[in-house]
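Notes for the one structure printed next.
The values are calculated or read from the model by the stated rules, or taken from the named source; none is laboratory data. These numbers were taken from a predicted model, which means no experiment stands behind them. Because the Cβ atoms are built from the backbone with ideal geometry, glycine has one as well, and the counts that use them run over all protein chains shown. We work out accessible area using only protein heavy atoms, side chains counted, and drop any ligands, DNA or RNA first. Shrake-Rupley method; radii C 1.70, N 1.55, O 1.52, S 1.80 Å.
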Amino acid sequence: MTKYLHTMIRVSDPAATIAFFELIGVKQVRRYDNEAARFTLYFLAAPGGEGVAEVELTHNWDENGYGGGRNFGHLAYGVDD
């Protein structure tokens, strides 16, 4: 069975991006900081969508802006094998 997990986008301003999603009822459900690799992952979901259909925001601490569509990261699916 295939299950949709999340869509990842890279962001330069996590606070502003999270504030935007909150306007449409999507809230942060968890966060992961990786100091060694210098990035933070924020996972957001609509009420009841936790672990079902999430948005992953990736903030690379040292990025200098995204151009040419470089802010889209991936679609994640879980599979049985």
Per the charge dipole of the chain (beta-carbon charges, Lys/Arg positive, Asp/Glu negative, Cα centre), the residue among Thr7, Phe21, Leu75 reaching farthest to the positive end is Phe21
Taking every DSSP bridge whose two residues both lie in the chain, the antiparallel percent to the nearest 5 is 80 percent
Taking Cα pairs closer than 8 Å and at least 6 residues apart, the relative contact order of the chain in percent is 46 percent
Of the candidate values (i) 6.4; (ii) 9.6; (iii) 5.2, the one computed for mean projected area of the Cα convex hull in nm² from this structure is (i)
Given 46-59, 13-26, the highest-first ranking by average Cβ count within 10 Å works out to 46-59, 13-26
Ordered by number, the trypsin sites (Lys or Arg not before Pro) in the chain that occupy a DSSP loop and have at most 10 other Cβ atoms within 10 Å are Arg70
Residue span Arg30 to Val79: 0.36 nm per residue of separation minus Cα-Cα distance leaves a gain in nm of 15.4 nm
accessible surface per residue for the chain, probe 1.4 Å, DNA/RNA/ligands not counted, whole Å² -> 64 Å²
